[in-house]
1. So what's the back-of-envelope 222 nm ellipticity for the chain, counting only DSSP H runs of four-plus at -39500 (n - 2.57) apiece and dividing by all residues, rounded to 500?
2. Could you tell me which GluC sites (Glu not before Pro) in region 141-229 are loop residues by DSSP with no more than 15 other beta carbons within 10 angstrom of their beta carbon?
3. Measuring from label point to label point, each 7 Å out along Cα→Cβ, what is the residue 20 to residue 232 span in nm?
4. Going by the alpha-carbon gyration tensor, a ≥ b ≥ c the square roots of its eigenvalues, is region 12-278 rounded (a/c under 1.5) or, if a/c is not under 1.5, prolate (a/b greater than b/c) versus oblate?
5. Starting from the 7 Å offset along Cα-to-Cβ, what nm value, one decimal, do you get for the label separation of residue 99 and residue 192?
6. If contacts are Cα pairs under 8 angstrom and at least 6 residues apart, what is the relative contact order of region 50-101 in percent?
7. What aspartates and glutamates could a cross-link reach from residue 119, if we take a straight Cα to Cα line under 19 Å and drop same-chain neighbours fewer than 8 places away?
8. Kindly point out which whole DSSP H helices in the chain project their C-alpha atoms 18 angstrom or further along the helix axis while averaging a Kyte-Doolittle hydropathy of 0.0 or above.
Amino acid sequence: MVKLTRELVDPVMVAAFEGWNDAGEAATLAVEHLAKVWDARELCALTPDDYYDFQVTRPRMSVVNGLAGKVEWPTTRVAVATPPGVGRDVVLVNGPEPNMRWRSYTADLMSVARELGVKRAVMLGSLLADAPHTRPIPVTGIASPVELGAGYGLEPTTYTGPTGIVGVLHEALSEAGVDTVSLWAAIPHYVAQPPCPKAALALLGWVEDLVEAAVPLGELPEDAVAWEANVSELTAEDEDISAYVRGLEEAKDTAELPEATGDAIAREFERYLRRREDG
């Protein structure tokens, strides 16, 4: 299934899926950014007929100069990138969440992971939450083993409820002995329209740590600043929403006050320096 010109070096998988797992399209934006800045090359794609209902996840076409172009079918693509100066490869998985046959879909991705020799996987997701857009985007998650997430200071989630393909694939990977981390960025629910570059930026900070490779950020920081400014402008036009955002800000600041200590700031600064030095 996978066409390789050489054996991959200590590969880490980073995956994101469009749809339910991707509020504000933050997770897929992060993986697409990685593919672009690390010049990823496609290895394979899953057969779309097996996993997608095309009346739900429709193919796309374009018309140029009156001529119909090639139809693009929804599918999950697997690519590989080699970040410069790191000495390891990164396997990037991106595509719509499947509409059916999730177990077979998961088994296909597991076969790809085994064939490529993946020993660590980073799953990216984003969700809607009571989070103010003016504060850092919270990122929570789960890790298998638990010590892996604790070692990076990941705030564990206590979620119980419906899951998406991220949760299903996380379980399969961890049961297969792959160190697996699922990261979830919290998107302000009152501004859910995609894209959300600020949340993608938050996820990429964790990817840097877990992959141990610096990520060139390009225009994302500027896009995040512009996004926040635009949202602030829009919320200022509605007194009720403005008051609601102020309440979220106060609740967030109060909850994090005990953490705003010199030690906490020093740990975050060391984390930032470690990422830059690794790069």
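No value in this document is a laboratory result; all are computed from the given coordinates. Keep in mind it's a predicted model, so treat the numbers as computed, not measured. Ideal geometry is used to build each Cβ from the backbone, glycine not excepted, and the neighbour counts take in all protein chains shown.
1. -13000 deg cm²/dmol
2. Passing both the DSSP loop test and the Cβ count: 219.
3. The two pseudo-label positions are separated by 3.7 nm.
4. On the way: a/c = 1.62, a/b = 1.23, b/c = 1.32.
It comes out oblate by the Cα gyration axes.
5. Computed distance between label sites residue 99 and residue 192 equals 2.1 nm.
6. Relative contact order comes out at 38 percent.
7. Qualifying aspartates and glutamates at Cα under 19 Å: 7, 10, 89, 108, 147, 171, 175, 179, 208, 209, 212.
8. 197-211, 220-236
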